[in-house]
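One structure is given here, and the rest of the page talks about it.
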Amino acid sequence: MLQPFVIGLGRAGSGLHLRVLAQAREVAPGLFAPGPVVACDTDARRHRPDVTATDSITAAAALLDANRTVAHVCTPPQGRAAVLAELAEHGFRRIIVEKPLATDLDELAAISTLRERHDLDIAVVSHWLDSRLTEHLTGLVGRGRLLSITFDQDKPRFTRSCATSGHPTAFDVELPHSLGVVLRLAGAAELAEAECADMRFADTVLPRLGSARLALTHASGVRSEIRSDLTAPIRRRRITLELDGGRVVGHYPIGADDDHAQLDINGRRAVFRDDALTRWMVRTYLHHLRPAGEHGTFGLHADIIRLLTAAKERTLAHAR
């Protein structure tokens, strides 16, 4: 059995990882060590009674066997290398990192160096790749010629954008999820276009946190476009595939309150359960229990960071 260790009890750690770990324990109880999850957060106000909370990685390491522990890095993406370096110093090798893996190429290079130097087995949260909807889409692409992909990810994010600074642009919030799916379906790509807008409301202006758009040209000949509006009045996660046999529209679940996905193939709609994050967590713990090579998500997310960095640099140059 493996012991979960959650670093950071903000929204990702407390609202996502602890919740999903509880669900994963019900699905595969033999994977997880009994007893409370160990966690650390420097802010004691975030500590919860249902976890063994500490205020540092060093304090938590004294309670854990690093060889039987999976560390969940749920801190903001800026400064991830420092957290991973501290985990490596204490002997932790099995690691799950929240997306995005990094926010720029320098941070990505530092993480890559740590990974190689300390033989870290890093799995980056990529649950949309384990989604049943993505599996259906992959099957459809395998049976027909894919022409184009359009992805729309909209949600109002005013409060969190004002309260936190962990995600520096709109490219860093939703796009790592959709970009991973697009690369899985259409293959390697180069950046063709990029746009980014400020978030504006009342007397507040948050630079580059309002919306983001990027267009990609894939080596397969497919063209894809991903759009995300963090000022939208509604939530949606919609993917549209144009195939030589018609149009396919998929809707990923938009929140923890309902885990159903929808798929429309030429006007015929199907609705099904799609708790992708729990599924991904169980599969990732199985990998960490019996590793057979790399997890496979690190290289994909390195490509994602390179494309997003290129998009951010292009939009910043246009702004200047």
Quick check on my filter: what residues within the range 208-225 are part of a strand (DSSP E or B) and either in contact (Cβ under 8 Å) with a residue 60 or more places away in the chain or of a type in the set (Ser, Thr, Tyr) (or both)?
Arg208, Ser211, Ala212, Leu214, Leu216, Thr217, Arg223, Ser224, Glu225
Qualifying positions in the range 269-278 - surrounded by 15 or more Cβ atoms within 10 Å (Cβ to Cβ) and hydrophobic (A, V, I, L, M, F, W, C):
Ala276, Leu277
Determine if the range 297-315 includes at least one residue that is assigned to a loop (DSSP other than H, G, I, E, B), farther than 20 Å from Ala194 by Cα and under 16 Å from the mean Cα position of the chain (by Cα).
no
Subset of the range 180-201, residues out of contact with any strand residue (DSSP E or B) (no Cβ under 6 Å at 6 or more places or on another chain) and either outside any strand (DSSP E or B) or closer than 9 Å to Ala212 by Cβ (or both), comes to Gly180, Val181, Leu183, Arg184, Leu185, Ala188
Identify, from the list Arg314, Arg247, Arg235, Arg268, the residue that is more than 27 Å from Leu191 (Cβ to Cβ) and among the charged types (D, E, K, R).
Arg268
For the subset of the range 34-48 comprising residues that are in a loop (DSSP other than H, G, I, E, B) and either under 19 Å from Val20 (Cβ atoms) or in contact with a strand residue (DSSP E or B) (Cβ under 9 Å, 6 or more places away or on another chain) (or both), which member is least open to solvent (accessible area, probe 1.4 Å)?
Asp41
Whichever residue in the range 135-152 is part of a helix (DSSP H, G or I) and modelled with pLDDT of 95 or more and, among such residues, is surrounded by the most Cβ atoms within 10 Å (Cβ to Cβ)
Leu137
The condition from (1) open to solvent by 70 Å² or more (accessible area, probe 1.4 Å); (2) under 27 Å from Thr164 (Cβ atoms); (3) part of a loop (DSSP other than H, G, I, E, B) that Ala232 misses is numbered (1)
Taking the condition of being under 15 Å from Trp128 (Cβ atoms), open to solvent by less than 30 Å² (accessible area, probe 1.4 Å) and free of Cβ contacts under 8 Å to residues at least 60 places away in the same chain, how many residues in the range 245-268 meet it?
2
Residues in the range 153-166: is at least one part of a loop (DSSP other than H, G, I, E, B) and β-branched (Val, Ile, Thr)?
yes
If you take the residues in the range 53-87 that are among the hydroxyl-bearing types (Ser, Thr, Tyr) and surrounded by 17 or more Cβ atoms within 10 Å (Cβ to Cβ), which one is nearest to Arg11 (Cα to Cα)?
Thr75
Which of the following residues is assigned to a strand (DSSP E or B) and not basic (Lys, Arg): Thr58, Thr52?
Thr52
Condition first: without any contact (Cβ under 8 Å) to a residue 12 or more places away in the chain and open to solvent by 70 Å² or more (accessible area, probe 1.4 Å). Now tell me which residues in the range 8-33 satisfy that.
Glu26, Pro29
Output yes when any residue across the range 38-48 is over 25 Å from Arg160 (Cβ atoms) and touching a residue at least 24 places away in the same chain (Cβ under 8 Å), and no when none is.
yes
Show the residue pairs meeting these rules: Cβ distance below 7 Å; 6+ apart or different chains; first residue within the range 88-106 and open to solvent by 10 Å² or more (accessible area, probe 1.4 Å) and modelled with pLDDT of 95 or more; second residue in a strand (DSSP E or B) and among the charged types (D, E, K, R).
Arg93/Asp121; Arg94/Asp121
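The values are calculated or read from the model by the stated rules, or taken from the named source; none is laboratory data. Since the model is a prediction, treat every value here as computed from it, not as a measurement. Note that each Cβ is placed from the backbone with ideal geometry, even for glycine, and that neighbours are counted across all protein chains shown. The accessibility values were calculated without ligands, DNA or RNA, using every heavy atom of the protein model including side chains. Shrake-Rupley method; radii C 1.70, N 1.55, O 1.52, S 1.80 Å.
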